[in-house]
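Participant: What follows is a single structure, and I will ask about it in a moment.
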Amino acid sequence: MNRSPKLKPTLWDALVVLAVLALAGLLAARPLFAAKTAGELTVSVSIDGETVERCALSSYEGGVYESRGYTLTVEETDGAVYVASSDCPNQDCVHSGAISRVGQSIVCLPARVAVTLEGAASDYDLIAG
Ligand SMILES: [Zn+2]
C-alpha cells in the first residue's frame, strides 16, 4: 500500500484549477480588449477606384451609390455593413453578406464599387492629404 501518502496533489490540483480559471478569465477578457482597440472601424466606399465616402462605422447610416448604370444600396446593422440591394447582373455583392472586420470588403465588379472596412489607423490620412 504505497498509495496513501499522496494528499498534497489534491491541493496542487486545486491550485492548478485556480490557475486555469484565472487564465481562462484572462483569455475571456482578451476579446474585450481586442474589440476595444479595433473598435473604431471606418467604412470606405470607392467607385472606380476613387473613394467617394469614408466615415466611422458607428456613424455610417448606409448609402446609395450609382456607378456604371448600376445602383447599390449599402446598409449598416449591428456594426456590420452589407449591400442590401443592387441591380448588377451577378449579385455577388449582395451575396457577399455583411462585413464587420478590418480588411474585409465587398466588391461589385460590374459597378466597380468597393465597400471596405478599415481600421482607425491614420496611414490613410496621408493619402487623403
Ligand atoms: Zn454587384
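Please treat every number below as a calculation from the coordinates, not as lab data. Everything numeric in this text was worked out from a predicted model, so none of it was measured. Neighbour counts run over all protein chains shown; Cβ positions are idealised from the backbone, glycine included.
Participant: Sorted by mean Cβ packing within 10 Å, highest first, what order do the peptides 102-115, 9-22, 47-60 take?
Facilitator: 102-115, 47-60, 9-22
Participant: Gain in length, residue 48 to residue 101, computed as 0.36 nm per residue apart minus the alpha-carbon separation, to one decimal in nm? All intermediate terms of the calculation are to be shown ahead of the outcome.
Facilitator: Working: separation 53, 0.36 × 53 = 19.08 nm, distance 2.26 nm.
Separation in residues times 0.36 nm, less the Cα-Cα distance, equals 16.8 nm.
Participant: Residue 21 versus residue 59, label points 7 Å from Cα toward the beta carbon: distance in nm?
Facilitator: Each label point is offset 7 Å from its Cα along the Cβ direction, giving 4.5 nm.
Participant: How far apart, in nanometres, would the label points at residue 84 and residue 40 be if each is projected 7 angstrom from Cα along the Cα-to-Cβ direction?
Facilitator: Each label point lies 7 Å from its Cα, and together they span 2.8 nm.
Participant: Another question, then. Using Stokes-Einstein with the Kirkwood hydrodynamic radius over Cα pairs, what translational diffusion coefficient do you get for region 32-114 at 4 °C and a viscosity of 1.567 mPa s, in µm²/s rounded to a whole number?
Facilitator: The diffusion coefficient I find is 100 µm²/s.
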